[in-house]
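*Asks:* Once you've had a glance at the structure underneath, I'll fire off some questions.
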Amino acid sequence: MPAKEDGLEAWLRYAPLPAEHVKHHPRFSQIVALSEANSSPVYTAGKEIQSGLSKILRQKVDVTNTLPEAAQIPASAIVVGTVDTFPSAAPAIEKIKEGVSSLKEDGFWLGARKDGNNGPAHVLIIGQNERGALYGAFEFLMLLAKDEPCPETYTSSPSAPIRWVNQWDNLDGTIERGYAGPSVFFKDGAVLDDLTRVAQYARLMASVRLNGIIVNNVNSHCNLLSPTNLKGLGRIADAMRPWGVRIGVALYFDTPIELGGLSTSDPLDANVVAFWNDITTQLYEDVPDMLGYLIKANSEGQPGPLTYGRTLADGANLFARALKPHGDGIVMYRAFVYNHHLDESNWKNDRANAAVEFFDGLDDVFEDNVLVQIKYGPIDFQIREPPSPLLAHLRRTQVIIEFQVAQEYLGQQSHLVYLPPLWRTILDFDLRIDGQQTLVRDVVSGERFNWKRSGYAAVVNVGNDSTWLGSHLAMSNLYAYGCYCWDPTSDERDVIQDWTRLTLSHHPTVIDTVTQLSMESWPTYENYSGNLGIQTLCDIVKTCHYGPSPAAMDGNGWGQWTRADAYAIGMDRTTATGTGYSGQYPSEVAKIFENPETTPDELLLWFHHVPYTRRLKSGKTVIQHFYDAHYDGAQDAQTFPVRWEALRGLIDDQRFKHTLFRLTYQAGHALVWRDSICNFYLAKCGIPDEHHRVGSYKWRVKAQDMQLSGYKVVSITPFEAAFGGHAIITESNNAPGTATWAVTYPVGVYNIAVNYYDHLGGTSRYQLFLGSEGSSEKRLIGNWAGDLGKHLLHDFSDLRDGHSATRIYFKGVEVHEGDVLTIVGTPDGDELAPVNYVSFLPVGIID
Ligand code: GCU
């Protein structure tokens, strides 16, 4: 059995190769890292190679920082340096000049050369700059860890210079949309003293060639810029610099008023300009290589230039000018500007239109160090969106596309969703700008409009849990994000396979299982959460963006509307009769989306308001597709934990069990999703499921129908978050309740599932027994606590609803003649041991 692992090393664990494989790799004599400055990524590269060799090949090799004699590469050495520090006269480098000269910023050349025909090999790693050298070192180590030979010549350059991470960390240590514990950067209003995890994070980032990070929440706070915190930011930058990671910060627009004591934050006011110039100068003293400023303004209640009657460009240029004297700092101005009090009664209103409406006409007026940061879709990290049309509107203003590795709206790391297939729907999309092929990835790389600085940002939100993201499997998304920034044409299967080899095991069963589950995970999640382009049908009103609540999409000003009524569903975004959104795309694309016949089914309800009875290209009606997709998705999710079982004993028990717990939870919550969505729409339109599944659950017993003592029946809101619309809760919070039911199912073996609610405010305890009536010999089937928050590391809800609804399984339970089921629920605090129903599932039945 492999030794326990907690995930901290992620894909950089450098598992030892089996002895018989080690002998196929050279024995190295020394490592030469051509820099003596320990803040240099080249120096870091030397140390990292040393550590990797000792773990993967069990070779102890010394690191030196100079070549013994100019131009001579010692036999069997690994030499890492930059184009500038490598002795250009070295015979070895003479031969590789061509490869090296074509490198782009941050690129590297890597090659293993034989010293003579049968002589030992030396390895050269030459970065275009210091970061490139470190990336080459990681490439070398990852090849070794995958047990692959080092190529003779390998050149690699990034698709785009900007490959950044955004953290939404607050100064108090919480993380907005963070699902893995508190911040590794901040606590109690200040930067943490111990930044060990920050350096470890930078190491992970560097290994997948991510070169920058915004360390605090876009919903920023003026105290970020207090004198103590400026010093703290300096320490963060120092911790990340040896890994080639530069930091930037998100600013709060009204800082001049709230920190500076000024009467205004008007971007054209001379005092405000002076305030920002001054703060910027101070920041550069602590962070001399600062990336720049991320700005969320006039968005979701944040102040901004529009608050002061100025344009968005006035706001962006204020910061751009403050940065200019200090180097290459940029302003990342977020395009996420919209009115969240939109009037739903006006069918022409559309939040998706906002970015283009706000930014059109500004292309020529931004300073050249302003980049517009655009979320991949026009709404907000939904399960399926078309690419933001703003990507087709800016020609001179360079852009950063914003993705999310944090799975807000996508199961919050408690559901497995491998994201690259989703990202590819955006990156590979052809916008047809000016009638020419224009893939989104070619816009983002800068190739299409000859931009020098553009690229990628992703909201990652690691926390201080040892798994970083709260789930081991979710880390494949962070790894993949780096891969896609570097090469957006990467194959998603190759990426997950490489990640699995590095993170879990080389065993073919492990690789195949993880690859298959990952590749199925996004379509599965889409099937049970919201399909045909209707968005993720989760609760957006309670703001946790997690469990199902389709009604919450409508009836508010947030503009994530579905416009579902008794007959039809979807947003009419056509120019002919709708909001005009489709017309924001270049004409060839607009034409496709304007017509429901040519709109792909997966985006039909994004663009069109259609009857539930409309036939899709598949021949199914919209409503039947909803039912079928939700049943298919939930059924697929049931297979995930079962298939994961194949890894028992092939990987360490700690990560095996941790993941099994999540996949089992997901399987249960997928059924909550399925039932909520299907019952909601059945109630809405009254059209039954052709296969008679929705509303008919023959293997379930409602808790409200059991004999209750110390328990009472309550209704659940929304109704569809409970089978039967009701649940039972204990009558008080200090005495247990009992529910009993004489089993009417035939004697046999069942998988028993209990659906209950696990919400904030207490940790109820449950016991489940079977046994004949009156007998004192009851068999204990299950004994558990409502403590999901502790395991899943995020707080779903303080209510009994679609977030907190969950299921626990007891497999292979024998039911005897005359058995009575007993549930004993012990409340705690505000959580009154709530139970919804119990299923007796004959083997093979899912319900
Ligand atoms: C979403 C998210 C917020 C976040 C916002 C943003 O709306 O739910 O938490 O602040 O996006 O990207 O600014």
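*Asks:* On the full set of protein chains, 1.4 Å probe, figure out the accessible area of ARG501 and give it in Å² to the nearest 10.
*Replies:* Accessible surface of ARG501 is approximately 60 Å².
*Asks:* Separation of the stretch 1-76 and the stretch 612-674 by C-alpha centroid, Å?
*Replies:* Measuring centre to centre over Cα atoms gives 41 Å.
*Asks:* If you don't mind, another one. Could you check the spin-label model distance between LYS811 and ASP172? Points 7 Å from the Cα along Cα→Cβ, value in nm.
*Replies:* 4.2 nm
*Asks:* If you don't mind, there's one more thing I want to ask. I need the phi-derived Karplus couplings for the stretch 725-742: 6.51 cos²θ - 1.76 cosθ + 1.60, θ = phi - 60°, integer Hz, Gly and Pro marked x.
*Replies:* Taking θ as phi minus 60°, the curve returns x, 9, 9, 10, 9, 5, 6, 9, 9, 10, 9, x, x, 10, 10, 10, 7, 6 Hz for the stretch 725-742.
*Asks:* Got a sec? Which residues in the stretch 441-460 would a label at ASP494 touch, if it sits 7 Å along Cα→Cβ and we count backbone N under 15 Å?
*Replies:* Residues passing the 15 Å test: none.
*Asks:* Can you pull the one-decimal nm distance between simple spin-label points at THR228 and LYS47, each 7 Å off the Cα toward Cβ?
*Replies:* It works out to 2.8 nm between the two label points.
*Asks:* Using a Förster distance of 41 Å, how high is the FRET efficiency between GLU152 and SER466, based on the Cβ-Cβ distance and rounded to 0.05?
*Replies:* Working: r = 39 Å, r/R0 = 0.94.
Step by step, r from the Cβ atoms, then E = 0.60.
*Asks:* Compare ASP147, ASP368, ASP819 by solvent-accessible area with a 1.4 Å probe and give them largest first, with all protein chains kept in place.
*Replies:* Details: ASP147 45, ASP368 110, ASP819 5 Å².
Of ASP147, ASP368, ASP819, the descending order of accessible area is ASP368, ASP147, ASP819.
*Asks:* Using a 1.4 angstrom probe with every protein chain in place, what is the largest-first accessible-area order of HIS658, HIS507, HIS545? Let's see the in-between values first.
*Replies:* Values: HIS658 50, HIS507 75, HIS545 15 Å².
Accessible-area ranking of HIS658, HIS507, HIS545, largest first: HIS507, HIS658, HIS545.
*Asks:* Considering only protein heavy atoms, what per residue accessible area in square angstrom results for the chain with a 1.4 angstrom probe?
*Replies:* Working: 29750 Å² over 847 residues.
I get 35 Å² per residue for the chain.
*Asks:* If you average 1/r over every pair of different alpha-carbon atoms in the chain and take one over that average, what Kirkwood value in Å do you get?
*Replies:* Values: mean 1/r = 0.0347 Å⁻¹.
Kirkwood radius, the chain: 28.9 Å.
*Asks:* Enumerate the aspartates and glutamates that LYS187 could reach by cross-link, defined here as Cα to Cα under 17 Å, with residues fewer than 8 away along the same chain left out.
*Replies:* ASP169, ASP172, GLU176, ASP465
*Asks:* Please work out how much accessible surface LYS114 shows to a 1.4 Å probe, ignoring ligands, DNA and RNA, in Å² rounded to 10.
*Replies:* 140 Å²
*Asks:* If the cut-off is 25 Å between C-alpha atoms, which lysines fall inside it for LYS620, apart from same-chain ones fewer than 8 positions away?
*Replies:* Candidates past the 8-residue exclusion: LYS591, LYS684.
*Asks:* Could I ask something else about it? Tell me the relative contact order for the chain as a rounded percent, counting alpha carbon contacts under 8 Å between residues six or more apart. Let's see the in-between values first.
*Replies:* Details: 1919 pairs, mean separation 83.0, N = 847.
Dividing the mean separation by the residue count of the chain yields 10 percent.
*Asks:* Quick check on the chain: of the DSSP beta bridges with both residues there, what percent are antiparallel, nearest 5%? Walk me through the numbers before you get to the answer.
*Replies:* Details: 67 of 111 bridges.
So the antiparallel bridges in the chain amount to around 60 percent.
*Asks:* Just to be sure I understand the model, the point goes 7 Å from the Cα along the line to the Cβ. What's the resulting GLN72 to THR281 distance in nm?
*Replies:* Using points 7 Å along Cα→Cβ, the separation is 5.3 nm.
*Asks:* Next up: Any chance you could run the full-extension gain for ALA37 through ASP487? It's 0.36 nm times the residue separation minus the Cα-Cα distance, nm to one decimal.
*Replies:* Contour length minus the Cα-Cα distance gives 159.0 nm.
*Asks:* So, R0 is 41 Å and r is the distance between the beta-carbons of ASP84 and GLN654; what FRET efficiency does that work out to, to 0.05? Provide the component values of the computation, followed by the final result.
*Replies:* Details: r = 45 Å, r/R0 = 1.09.
For R0 = 41 Å, the calculated efficiency reads 0.40.
*Asks:* ASP705 to ASN349: extension gain in nm, 0.36 nm per residue of separation minus the Cα-Cα distance? Numbers along the way, then the final one.
*Replies:* Values: separation 356, 0.36 × 356 = 128.16 nm, distance 4.61 nm.
Length gained, ASP705 through ASN349: 123.5 nm.
*Asks:* Once R0 is set to 22 Å, what does the formula 1/(1 + (r/R0)^6) return for the Cβ-Cβ distance between ILE845 and ARG615, expressed as a FRET efficiency to the nearest 0.05?
*Replies:* Values: r = 31 Å, r/R0 = 1.41.
After rounding, the FRET efficiency stands at 0.10.
*Asks:* So, one more: Which value, in Å² rounded to 10, gives the accessible area of ARG662 with a 1.4 Å probe and all protein chains present?
*Replies:* Surface accessible to solvent at ARG662 totals approximately 20 Å².
*Asks:* Straight-line reach from LYS324: which lysines have a Cα under 23 Å away, not including same-chain ones fewer than 8 places off?
*Replies:* The qualifying lysines are LYS231, LYS296, LYS452.
*Asks:* With runs of 4+ DSSP H residues as the only contributors, calculate the mean residue ellipticity of the chain at 222 nm using -39,500 (n - 2.57) per run, divided by the residue total and rounded to the nearest 500. The partial results should precede the final answer.
*Replies:* Values: 21 runs with 243 residues, N = 847.
Helix contribution divided over all residues of the chain: -9000 deg cm²/dmol.
*Asks:* Report the paramagnetic label zone for ASP632: residues of the stretch 691-708 whose backbone N is under 20 Å from a point 7 Å from Cα along the Cα-to-Cβ axis.
*Replies:* Only 691-695 fall inside the zone, counting backbone N under 20 Å.
*Asks:* On a 1.4 Å probe surface of the protein chains, which of VAL714, VAL331 comes out largest in accessible area, and what is the full order? Could you put the intermediate results ahead of the total?
*Replies:* On the way: VAL714 30, VAL331 0 Å².
The residues order as VAL714, VAL331, largest area first.
The values are calculated or read from the model by the stated rules, or taken from the named source; none is laboratory data. Everything quoted here is computed from the prediction, not taken from an experiment. Here Cβ is always computed from backbone atoms with ideal geometry, including for glycine, and neighbour counts include all displayed protein chains. These accessible areas exclude ligands, DNA and RNA; they are computed on the full protein's heavy atoms, side chains included. Shrake-Rupley method; radii C 1.70, N 1.55, O 1.52, S 1.80 Å.
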